[in-house]
Amino acid sequence: MISIELILTVITFAFVTSVTPGPNNIMLTASGANFGFKRTLPHVAGIIIGMMFLNISVGLGLGALFTQFPVLQQILRVAGTAYLLWLAYKLLSFSSIGNKAQDAKPFSLLQAIAFQYINPKAWIMVISANASFSLMGDGYWWSVFMITTTYMIVGTPSIMLWAGFGQYIRRFLGQQSVLKSFNITMATLTALCVVFIWLD
């Protein structure tokens with residue numbers, strides 16, 4: 001049976017893991033600063049939907065495949081590394097607010113959904129939550145549903161804070177030199193996330 005204590009624990013866990021820095025939140029800050037809060041909302045929605053699909057996937061047993069077939073984890077690491085480095089490179093190409101290269105645009109809904117499957121922090125969050133808080137027996141799927149729903153409810157405002165922060169600092173990035181320094185910082189932080197992929 002799902003208790004109030006369990007729900008409160010999952011709420012706390014979801015908040016802490018959602019609001020702390022990681023690839024998603026770094027990218028949302030950069031997107032809010034470069035494109036504005038409104039244009040970043042599909043990115044926010046994609047993260048939430050992607051996390052929902054990831055929770056369901058782990059609930060169905062996808063997470064257990066990494067234990068049974070370690071090569072899948074290595075493939076995920078390589079894919080995640082390559083994509084994060086590519087994102088860091090793209091951040092460096094943003095030269096000025098409102099006057100970007102033609103192909104410079106915020107993440108789409110589908111891109112953000114797909115990214116969760118190669119986002120190392122997302123996997124850690126979801127596998128840890130399901131391993132720690134899912135129940136055995138008849139209560140299993142109810143607990144997976146509770147974890148998934150909690151992440152959607154708690155995660156949405158938590159990650160929107162980062163997009164809002166990006167929108168807030170946007171006003172200070174009018175000078176090209178300042179914006180360039182900001183994007184270099186965001187690109188560096190994005191690239192540094194690769195380190196956590198290879199830590200066991």
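The values are calculated or read from the model by the stated rules, or taken from the named source; none is laboratory data. Note that the structure is a prediction, hence the values are computed from the model and not measured. Surface accessibility is based on the protein's heavy atoms, side chains included, excluding ligands, DNA and RNA. Shrake-Rupley method; radii C 1.70, N 1.55, O 1.52, S 1.80 Å.
Using 0.36 nm per residue and subtracting the Cα-Cα separation, the extra length available between L6 and V178 on full extension is 57.3 nm.
Please build a GNM for the chain, connecting alpha carbons under 10 Å apart, and tell me which residue among A163, A104, A30 fluctuates the most. Maximum among the listed residues: A104. Which angle from 0 to 90°, rounded to the nearest 10, does the C-alpha axis of helix 120-133 make with the longest principal axis of the chain? Here the helix axis deviates by roughly 20 degrees. For the residues V78, V144, V126, a GNM of the chain with alpha-carbon springs under 10 Å puts the largest fluctuation on V78.
Measure off, as a whole percent, the carbon and sulfur share of the 1.4 Å-probe accessible area of the chain, all protein chains present. Carbon with sulfur: 72 percent of the solvent-accessible area.
Computed with a 1.4 Å probe over protein heavy atoms only, the accessible surface of the chain comes to 53 Å² per residue. The angle between the Cα long axis of helix 70-92 and the main principal axis of the chain comes to about 20°, on a 0 to 90 degree scale.
Note on the chain: lysine pairs with Cα distance below 20 Å, sequence gap of 8 or more or different chains, count 7.
Computed from Cα positions, the angle between helix 23-35 and the longest principal axis of the chain comes to roughly 30 degrees.
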